[in-house]
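Accompanying notes for the structure given below.
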Amino acid sequence: MIKNPIPWPNGARCAVAFTWDVDADATVHVNYPDSADNHVATLSLMRYDPEIAIPRIIDLFGRYTIPLTFFVPGWTIENYPAAIELMLKNSHEIAHHGYLHHDNNRMSRQQELDILCRGIEIIKEATGRKPLGYRTPNVASNGVSRNTIDLLMQEGFEYDSSLFGDDIPYVLSNERGKIIEIPCLHGVDDWKYYMSWQDFDYRMQVLAPVRAIEIFKAEFDAAWEYGGMWMCVWHPPVSGRLARCAALEPLIRYMQDKGDVWFASMGDIAAHVNSVIQSGHWKPRIDKLPYCVSPIPALKDYMNL
Ligand SMILES: [Zn+2]
């Protein structure tokens, strides 16, 4: 069903990347700039992220020697150095996730660039190197503006992971150049299954971990069957809670026992994809941007009919 499967290292059937968006309470400050100090319960919910969930997750995946990728806003890095130190000590990747979990679609191009550069500098200072990859804040609610991908190319990012346009990595191209897109898998975002919280204006039916894992596993089985890739978009205060985190262990074992799976960081996946493109071993699908330069002009007339 996948027309152009990527040749993964060592003949693996599929690649697996466990990725975590470490928003912490940056989201509360952004949503409630004038009253965040009065949202104490929501702050506590989100501070659980670096304080409790990150050490637990790093312990769990460490037992299986699986690399992780953390997309971290600059503000979180500045405010929770112990969590960042733990990621680095365990050789996990730290990638860019904005500064204060802003909405790119509410920024001018210059504001978006300033925030991007600020996040790059903070990551450079914390890790000693530029981030390789980027995931927009608000990934599931249109956090990518018409400028975002172009700015990533301008600033020399190796990959983006904010879009949904394929099952496997592909190439985004515009007049400036190209960048690898490692697309999000729509069904493997933990907010949909576990989060329901009034301060975030987000109401969903909360699922039992066994039901959510069933969905994650079905996506993995399909990726394995068709030579694809499985990547989760998870959040430590959501999937790092006790019962949900405990439910991950059988999933990890299932993936490992199935065999022929390449567990990798996002940076390593982007590097591999780039190398098979360069060597001519794989021809990517190329998506040309922009998809459109404005809303369809005729649409207005049509809607008025
Ligand atoms: Zn986020």
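Rule-based calculations on the coordinates, nothing more; no lab input. Please read all numbers here as calculations on a predicted model, not as lab measurements. Glycine gets a Cβ as well: all are built from the backbone with ideal geometry, and neighbour counts include every protein chain shown.
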Lysine pairs within region 9-304, Cα separation less than 27 Å, 8 or more sequence positions apart or different chains: 11
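Divide by every residue of the chain the summed helix terms, -39500 (n - 2.57) for each DSSP H run of at least 4, and state the resulting mean residue ellipticity at 222 nm, rounded to the nearest 500 deg cm²/dmol.
Value at 222 nm, helices only: -12500 deg cm²/dmol.
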Relative packing of peptides 230-242, 246-258 - highest average C-beta neighbours within 10 Å first: 230-242, 246-258
Protection proxy ranking, peptides 7-16, 164-173, 22-31, average beta carbon neighbours within 10 Å, highest first: 22-31, 164-173, 7-16
The chain - convex hull of the alpha-carbon atoms, volume per residue in Å³: 161
Estimated distance in nm for a label pair at Y32 and K283, the labels positioned 7 Å out from Cα along Cα-to-Cβ: 5.5
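Please list the equivalent ellipsoid semi-axes of region 202-305, computed as the square roots of five times the alpha-carbon gyration tensor eigenvalues, in descending order and whole angstrom.
Working from the Cα gyration tensor, I get semi-axes of 34, 27, 13 Å.
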Length-normalised contact order for region 9-304 - Cα pairs under 8 Å, 6+ apart - percent: 25
log10 of Debye I(q)/I(0), alpha-carbon scatterers only, for region 1-81 at 0.18, 0.20, 0.23 Å⁻¹: -0.82, -0.92, -1.09
Rounded, prolate or oblate (a/c below 1.5 giving rounded, otherwise prolate when a/b exceeds b/c) for region 32-187 by Cα gyration tensor: oblate
Kyte-Doolittle mean at least 0.5 and Cα axial length at least 20 Å: DSSP H helices in the chain: none
Hydrodynamic radius (Kirkwood) for region 122-191, which is based on Cα pairs only, to one decimal in Å: 12.9
Computed Rg/Rh of region 180-230, alpha carbon atoms with Kirkwood Rh: 1.07
Antiparallel DSSP beta bridges within the chain, as percent of all bridges there, nearest 5: 15
